[in-house]
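Student: This is the structure I have questions about; it appears just below.
Computed from the coordinates by the stated procedures, all read-outs in this text should not be read as laboratory data. Remember, it's a predicted structure, so these values are computed and weren't measured experimentally. When we count neighbours, we look across all protein chains shown, and the Cβ atoms used for this are built from the backbone with ideal geometry, even at glycine.
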Amino acid sequence: MKRKTFRLIAVLVSVIAAGLPMTVVFATKGAAQSPQTQARGVPVFEVDPAWPKLPQQFKLGDASSFAIDAQDNVWLLHRPRTLKPEDAGKAAPAIVVFDAAGNFIKAWGGPGSGYDWPEREHGIHIDHKGFVWLGGNNCPTSGLAGLRPVADDVYLKFTSDGKFVLQIGKSNQSKGDADTVNVHRAADAWVHAPTNELFVADGYGNHRVIIFDADTGAFKRMWGAFGKPPGGEDSCAIVSPKAFPDPEGPAHFNVAHAIRVANDGMVYLADRENRRVQMFTNDGKFIKQLIRTGTPFARNLALSADSQQQFLYVGADKGITVVDRKTLDVVGAIQPAGILGPGHHIATDSKGNIYLAQTTAGMQKLVFKGMPPTQ
């Protein structure tokens, strides 16, 4: 047994030293290990070049995030403050809604009375009751043009028509990873319908998953990487590791950037700068992780639309990696002609289409064309 362990370590060291790409799936003790790849069909997509159709009176800033409602309407969260001064007068409100065909439906959002609108819009989610959740990731010392020196330490809840409902936290009030009242430059969120809980990837300033009651905003629980207590350095600078000497990766999240909770309650966290996806039970028990250190990985997450949610889509390199959700095996990739890249945030509708927000590069719809025929 020891000899096998030493051989494995030697192989890992040689791969890292050679600078070769590496994919590693680590499971908890006692969990079944599975093959790295499987010979199976993966979904096929093509880019819709005509999507969406924006009214001429509006211009969009950086497209940050998408969410899909029960009617398959597509909700875009963009950053109006990123528009050039000459276009600022035509800035669309921060939330713009399209139907699946790309037709404009409505737009709303922005600073208002009674809540702390994020200075730098980041993530959006529509829950099972139709409420709209959003947050921001501004850092007060970032020096980004046109932004006030404010830390986005809140998560907001609105009705679908833009009526303010709830605010979790308050700007500039985060006390760090142990704080149960405020988030700190949170990246993404997802409401799990069976428990009515808001799962937040509290990931730019903090380094954790934190859960709140979706009705009251009351704190429920939290955890960090590997299900352990969260921790790490709070910094405006995003520092990616220059090397990955430890095959399990660092002890703490480094930009917990996207979160999805599957129908069966399993939680998936994209630990972006550490290039890994970690999988947890609903109460925070670490199950396993997928690491791909050779290229940028774990940019974002989305679940496939089939009833079993068999695939986890993970933004990586120049496209989207297709992962078996239950085993975390990589089974393929999505990179149709004309794709903008891996996306900043991505979302799927009930038909299986993927919507990709690529910040400075724009946005697009990847149309689901079905599964390839079996051999």
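Student: Give the order of Arg275, Arg40 when sorted by the count of other beta carbons within 10 angstrom, beginning with the fewest. All intermediate terms of the calculation are to be shown ahead of the outcome.
Tutor: Numbers: Arg275 24, Arg40 14.
In order of increasing Cβ crowding within 10 Å: Arg40, Arg275.
Student: Excluding Lys228 itself, what net charge comes from residues whose Cβ is under 14 Å from its Cβ, given Lys and Arg +1 and Asp and Glu -1? Walk me through the numbers before you get to the answer.
Tutor: Values: positive: Arg208, Arg221, Lys285; negative: Asp177, Glu248, Asp271, Asp283.
Neighbourhood net charge equals -1.
Student: Would you pull out the residues with amide H under 5 Å of Ile287's amide H, same chain only if 5 or more places away, H placed 1.01 Å from N?
Tutor: Long-range HN contacts for Ile287: Met279, Phe280, Thr281.
Student: Right, next: Work out from phi, with θ = phi - 60° and the Karplus expression 6.51 cos²θ - 1.76 cosθ + 1.60, the ³J(HN,Hα) of each residue of the stretch 146-153, listed in order in whole Hz, and give x for Gly and Pro.
Tutor: Listing the rounded values in order: x, 10, 6, x, 10, 8, 7, 10 Hz.
Student: Compute the Cα gyration tensor for the stretch 120-276, then decide on rounded, prolate or oblate, letting a ≥ b ≥ c be the square roots of its eigenvalues: rounded whenever a/c is under 1.5, prolate when a/b is larger than b/c in the other cases, and oblate in all that remain. Provide the component values of the computation, followed by the final result.
Tutor: Numbers: a/c = 1.84, a/b = 1.21, b/c = 1.53.
Oblate shape, in that a/c is at least 1.5 and b/c is the bigger or equal ratio.
Student: For the chain, take the longest principal axis of its alpha carbons; what is the angle in degrees between that and the long axis of helix 2-18, to the nearest 10 within 0 to 90?
Tutor: So the helix axis and the longest Cα principal axis differ by about 50 degrees.
Student: Report ³J(HN,Hα) in whole Hz for each residue of the stretch 104-120, in order, from the Karplus equation J = 6.51 cos²θ - 1.76 cosθ + 1.60 where θ = phi - 60°; Gly and Pro get x.
Tutor: With coefficients 6.51, -1.76 and 1.60, one gets 5, 10, 6, 8, 7, x, x, x, x, 7, x, 8, 9, 5, x, 6, 10 Hz.
Student: Moving to a separate point now. Using a/c under 1.5 as the rounded threshold, could you call the stretch 147-209 rounded, prolate or oblate? The axes a ≥ b ≥ c are square roots of the C-alpha gyration tensor eigenvalues, and prolate needs a/b larger than b/c, oblate otherwise.
Tutor: Judged from the Cα gyration tensor, the stretch 147-209 comes out oblate (a/c at least 1.5, b/c at or above a/b).
Student: Quick one: putting +1 on the C-beta of Lys and Arg, -1 on the C-beta of Asp and Glu, what dipole do you get for the stretch 267-375 around its Cα centre, in Debye to the nearest 20?
Tutor: Numbers: 13 positive and 8 negative charges, 20 e Å.
Roughly 100 debye for the stretch 267-375.
Student: Check which residues have an amide H placed less than 5 Å from Leu166's amide H, if you skip close sequence neighbours.
Tutor: Lys157
Student: Among Ala262, Asn196, Thr359, which residue has its Cα furthest toward the positive end of the charge dipole of the stretch 24-370, with +1 on Lys/Arg Cβ and -1 on Asp/Glu Cβ?
Tutor: Positive-most Cα among the choices belongs to Thr359.
Student: Moving on to the next point. Work out the charge dipole of the chain with +1 on the Cβ of Lys and Arg and -1 on the Cβ of Asp and Glu about the Cα centre, then indicate which of Asn103, Val150, Asn282 is farthest towards its positive end.
Tutor: After comparing all options, I get Asn282.
Student: 5 Å is the cut-off here: which amide hydrogens, built 1.01 Å from N in the peptide plane, fall below it relative to Asp317, excluding neighbours closer than 5 in sequence?
Tutor: It is Phe297, by chain and number.
Student: If I take every Cα pair under 8 Å that is 6 or more residues apart in the chain, average their sequence separation and divide by the length, what percent do I get for the relative contact order? All intermediate terms of the calculation are to be shown ahead of the outcome.
Tutor: Details: 981 pairs, mean separation 63.5, N = 375.
Normalised by residue count, the contact order of the chain is 17 percent.
Student: In whole Hz, what ³J(HN,Hα) sequence does the stretch 58-74 give by Karplus (6.51, -1.76, 1.60; θ = phi - 60°), x for Gly and Pro?
Tutor: 10, 10, 10, x, 4, 6, 9, 7, 10, 9, 10, 9, 5, 9, 6, 6, 10
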